[in-house]
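Chemist: One structure, pasted below without further comment.
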2 protein chains.
Amino acid sequence: MIADDERNPASKADVRREQILAAAQTCVLEQGFHRASISKICKLAGMSPGHVYHYFENKEAIIAALVRRDLDHVLDFTAGMRASADVLEAMIDRIPLGVAEKLDPRDASLKLEIAAEASRNPNIARIVREADACSLKSLRQTIAEARRARGLPDDDKTVAELAVVAAAMFDGLVIRGVRDPDTDREAVARRFAEILRGVFLA
Amino acid sequence: MIADDERNPASKADVRREQILAAAQTCVLEQGFHRASISKICKLAGMSPGHVYHYFENKEAIIAALVRRDLDHVLDFTAGMRASADVLEAMIDRIPLGVAEKLDPRDASLKLEIAAEASRNPNIARIVREADACSLKSLRQTIAEARRARGLPDDDKTVAELAVVAAAMFDGLVIRGVRDPDTDREAVARRFAEILRGVFLA
DNA sequence: GCCAATAGATTGAACGATCATTCTATATCG
DNA sequence: CGATATAGAATGATCGTTCAATCTATTGGC
């Protein structure tokens, strides 16, 4: 075989790890952390239970990797925003997309599971909080830039407060999507834009 | 023994049921639904595992009762609001309390666990959605009354949209409390009040 | 070019623990 | 006495994890 480590950065081991994580994600999504057993995961990943432990130390390591992967994905999503010329318009343009994604019950399940686990598992909490600090920082930069462009004060305190409120608004949609699946996405997006313009840029 | 069902509505059976629910709540709070086993619950409640099944058909019935009890408590909280003379002031006065409660990580654990479970367990979903419909209705009435008192349009569509956004804002705090335990409660409460006055009453 | 040696990939049975649940036996009380 | 309350052992399933055995593929000697 041609050496993977030179021609292809995704070695066989990496592929296997990814298979396990994908299977674990499906299981957690469908049944939650508690019922996502190793036996189900390895069956879905098409390998034996013993082999799973060749790539992950234990079940918690799988969960931690899953959490980290999901949070990395979120960070990627927000990263593109600050690259735009008009940051505010980029934010507002993305609201309908962000609202739709957060309200999607398929995503909600995993995110809620992660949050619940973080509220009592210190290892998961650390991962979640690192990602959140990074995500909030990005949001603060975006808000500060939008305010500067409009000649508004962009002191740290103001910007930080607005970022927390904005984060809370979007985070809340994850719960709303579960509590009321028929939530009107268009209306929420419109009202969110209204708040963004009316409060965040005033 | 004096007949409980006449003199005291809390019969011995009700007391036992409540013991079980209290123990179950503690277990779920500390370890989540998955690790809240019958053996732990019955040990904490001070009774044998067999006896638990004398009062609940199975584990899911305990969880369902726990969910229902938690949601009833939330409905009680919001019910008092509409009784006030000045509904808007009552709403705004209650913001700091509501913010503090939602950001409390002790409450968050149970609420997130319930939401996560609802996103894939139809029985739990039904209970959660019934309670949410009730809670949202209450919120709509409050907002409509506040707007009427200020001569603002109180058409159903507008009010419904605002209620959803307000619910999302507070729901989001549950997740924020987990993701960033150091969230500034005073600042969030102040900004929320600002949004309530600036957007909901305009 | 072939064969033995070796190292990594993979298996699946087995382990002890714990799970939700059931059942029978005993205790308590009206 | 009859009925309800309660206990706790037993059941079979499933859990996370381990481990010795087997397969596969690459390497090095000839």
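Chemist: So B:Ala45 clears everything in (1) closer than 15 Å to B:Thr26 by Cα; (2) within 14 Å of another protein chain (Cβ to nearest Cβ); (3) hydrophobic (A, V, I, L, M, F, W, C); (4) over 11 Å from the mean Cα position of the chain (by Cα) except one condition, right? Which one?
Modeler: So the condition that B:Ala45 fails would be (2).
Chemist: Identify all residues within segment B:48-64 that are away from DNA strand D (no atom under 14 Å from the Cβ), within 14 Å of chain A (Cβ to nearest Cβ) and not β-branched (Val, Ile, Thr); write none if there are none.
Modeler: The one that is away from DNA strand D (no atom under 14 Å from the Cβ), within 14 Å of chain A (Cβ to nearest Cβ) and not β-branched (Val, Ile, Thr): B:Glu60.
Chemist: Given the criteria touching a helix residue (DSSP H, G or I) at 6+ places or on another chain (Cβ under 9 Å), in contact (Cβ under 8 Å) with a residue 24 or more places away in the chain, more than 27 Å from B:Leu110 (Cβ to Cβ) and buried (at least 16 other Cβ atoms within 10 Å of the Cβ), does A:Glu145 qualify?
Modeler: yes
Chemist: Yes or no: segment A:83-90 includes at least one residue that is crowded, with 20+ Cβ neighbours inside 10 Å and more than 8 Å from chain B (Cβ to nearest Cβ).
Modeler: Yes, the conditions are met somewhere in segment A:83-90.
Chemist: Pairs, please: C-beta under 8 Å, at least 6 apart or cross-chain, first residue under 11 Å from B:Leu110 (Cβ atoms) and in segment B:29-40, second within 14 Å of DNA strand D (Cβ to nearest atom) and part of a helix (DSSP H, G or I)?
Modeler: Hits for this filter: B:Gly32/A:Phe33; B:Gly32/A:His34; B:Gly32/A:Glu117; B:Phe33/A:Gly32; B:Phe33/A:His34.
Chemist: Here is a further query. Within the set of pairs 6 or more residues apart or between chains, which connect a residue that is farther than 16 Å from B:Ala166 by Cβ inside segment B:75-86 to a residue that is in a helix (DSSP H, G or I) and of a type in the set (Val, Ile, Thr) with Cβ atoms less than 6 Å apart?
Modeler: Sorted first by the residue in segment B:75-86, then by its partner, the list stays empty.
Chemist: Could you tell me whether segment B:121-141 includes any residue that is part of a loop (DSSP other than H, G, I, E, B), crowded, with 19+ Cβ neighbours inside 10 Å and not aromatic (Phe, Trp, Tyr)?
Modeler: Yes, segment B:121-141 has at least one match.
Chemist: Only one residue in A:Ala115, A:Ala125, A:Ala100, A:Ala131 is facing another protein chain (nearest Cβ under 9 Å) and either touching a Lys or Arg at 6+ places or on another chain (Cβ under 6 Å) or touching a residue at least 24 places away in the same chain (Cβ under 8 Å) (or both), so which one is that?
Modeler: A:Ala131
No value in this document is a laboratory result; all are computed from the given coordinates. As the structure is a computational prediction, the values presented were derived from the model and not from experiment. Positions of Cβ are backbone-derived with ideal geometry, glycine not excepted, and every protein chain shown enters the neighbour counts.
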